[in-house]
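The values are calculated or read from the model by the stated rules, or taken from the named source; none is laboratory data. What you see is a predicted model; the values in this text were computed from it and never measured. Here the Cβ positions follow ideal geometry from the backbone for every residue, glycine too, while neighbour counts run over all protein chains shown. Side chains are part of the model used for accessible areas, which takes the heavy atoms of the whole protein and leaves out ligands, DNA and RNA. Shrake-Rupley method; radii C 1.70, N 1.55, O 1.52, S 1.80 Å.
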Amino acid sequence: MNYREEILIPEKKLRRKNLASFLIFILLLITAVLIWKNLHEQPTVAHTPKPLRNVLNFNGTFFSNFLSDQHLAKTYPISEAVQHVRVNGDIGMNKDFDPSTWKLRIIRNAGDTLFLTLDDIKALPKTEIIFDFKCIEGWSQVTHWGGATFSDFAAKYHLDLQTKMNYVGLETPDKKYYVGVDMPSMMHPQTILCYEMNGKPLPVNQGYPLRLIIPVKYGIKHLKRIGTMFFRNERPPDYWYEQGYDYFSGL
Ligand SMILES: Nc1nc2c(c(=O)[nH]1)N[C@H]1C(S)=C(S)[C@@H](COP(=O)(O)O)O[C@H]1N2
Ligand SMILES: [Mo]
C-alpha cells in the first residue's frame, strides 16, 4: 500500500457516510413536515387539532382518575406568604357588581336552587392554606387563603346526590367567566370556597365575596367572584378549555 491509497480509502468511506447522514436528515425532515401538515389538516376541538386534543383529554382523564384526590399540594409556613398578591384576570369582574346584594346560588336540581349568604359560608369551619399558586402563564406565588372546604360545605348542605356527579360548574354572576371542575378535585381536602386572603376579607379584585381556591389546579380554575354552582355528569363549559387549554389543568 502506498501513501496515496492510505488516504483515499478513508476519504471515500467518509463521503459515503456523509451522503447517508444527509439522506437520513432529508427523510426525517420530510417526515416532520408531513406530520406537521397532517396535524394542521385535522379538525380542531376547542382550538386544538383533534389528535393533540385526544392526548390532552386522555392525560386529563388519567390524572383525574388516579391522582387528584390522593395527593396534597405542598404547603408553606405563613412567613413565606407574599403580602403583595398579584391580581391576574378580570373576566366576569365588571365594575357595576354590587356585593351587598350578592348571594351564592347553588342549583341542586332543575327547579331546586339554594341561595346562601357570605355569613352562611363563614359559619362553616375555617380552613387555611398557604401554597404556591401557579398560573399557566408561567408565574407562581406563595399565597395564604382562608375559607370553607367544599367538602364541609357539601356535607352541611346535604349535597350527597350532587357530589356523586362527575363535575361541578362554577360561573361569575354575569356568566362571563366559567369553569368546570372534576368532583374528586372539588372534594379534595385543600379545595376551599375562599373569603379571606392573608387573614383579611378578600379584596374585590381578588374575588370578594367568594372565590374558589383549588391548589391541585392551575390558576385558571380558581374562579373569582362565584355567582352560581351547578352539578352534572358531563363536562360543564370552561372558559379556557374553549380557548384551547387542558380541561383538567391539574398539577
Ligand atoms: N372571574 C375570574 N376569575 C379568574 C380569572 C378571571 O379572569 N376572571 N383568571 C384566573 C387566572 S388565569 C388566574 S392565574 C387567577 C389569578 O388570581 P389572582 O388575581 O387572585 O392572582 O384567577 C383566575 N380566576
Ligand atoms: Mo392564570
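For the reader, a short list of remarks on this structure follows.
- Checking each residue in region 122-139 for being touching a Gly at 6+ places or on another chain (Cβ under 9 Å) and under 20 Å from Leu72 (Cα atoms) picks out Lys126, Thr127, Glu128, Ile129, Phe133, Lys134, Cys135, Ile136.
- Residue, farthest from Tyr247 (Cα to Cα), within region 159-172, restricted to residues that are surrounded by 18 or more Cβ atoms within 10 Å (Cβ to Cβ) and not β-branched (Val, Ile, Thr): Leu159
- Residue ID - nearest to Gly169 (Cα to Cα), chosen from residues in region 99-157 that are loosely packed, with under 12 Cβ neighbours inside 10 Å and within 16 Å of ligand 2 (Cβ to nearest atom): Glu137
- The lone criterion from (1) touching a Phe, Trp or Tyr at 6+ places or on another chain (Cβ under 8 Å); (2) near ligand 1 (Cβ under 8 Å from one of its atoms) left unmet by Gly207 is number (1).
- Some residue of region 84-92 being more than 16 Å from ligand 2 (Cβ to nearest atom) and in a loop (DSSP other than H, G, I, E, B): yes
- Pair list, Cβ under 9 Å, 6 or more apart: region 211-234 residue at positive phi, other residue near ligand 1 (Cβ under 10 Å from one of its atoms) and part of a loop (DSSP other than H, G, I, E, B): Arg225/Gly92; Arg225/Met93; Arg225/Thr172; Arg225/Pro173; Arg225/Asp174; Arg225/Tyr177; Arg225/Gly207
A quick yes/no check of all residues on (1) modelled with pLDDT under 85; (2) open to solvent by 50 Å² or more (accessible area, probe 1.4 Å); (3) over 23 Å from the mean Cα position of the chain (by Cα):
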position: Leu29; (1), (2), (3): no, yes, yes
position: Val55; (1), (2), (3): yes, yes, no
position: Phe62; (1), (2), (3): yes, yes, no
position: Pro77; (1), (2), (3): no, yes, yes
position: Asn88; (1), (2), (3): no, yes, no
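- Pairing each residue of region 71-100 that is of a type outside the set (A, V, I, L, M) with any residue that is open to solvent by 100 Å² or more (accessible area, probe 1.4 Å), provided the two are 6+ apart or on different chains, yields C-beta distances under 7 Å for Gly92/Lys176.
- Subset tally (residues that are within 27 Å of Lys95 (Cα to Cα) and not small (Gly, Ala, Ser)) for region 131-183: 22
- Those residues of region 212-227 which are open to solvent by less than 10 Å² (accessible area, probe 1.4 Å) and in contact with a Cys (Cβ under 6 Å, 6 or more places away or on another chain), in sequence order: Ile213
- Among the residues examined, Met187 qualifies as closer than 25 Å to Glu234 by Cβ, in contact with a helix residue (DSSP H, G or I) (Cβ under 8 Å, 6 or more places away or on another chain), away from ligand 2 (no atom under 16 Å from the Cβ) and open to solvent by 60 Å² or more (accessible area, probe 1.4 Å).
- Matching option when the condition is within 9 Å of the chain's Cα centre (by Cα), away from ligand 1 (no atom under 12 Å from the Cβ) and open to solvent by 10 Å² or more (accessible area, probe 1.4 Å), among Phe230, Phe248: Phe248
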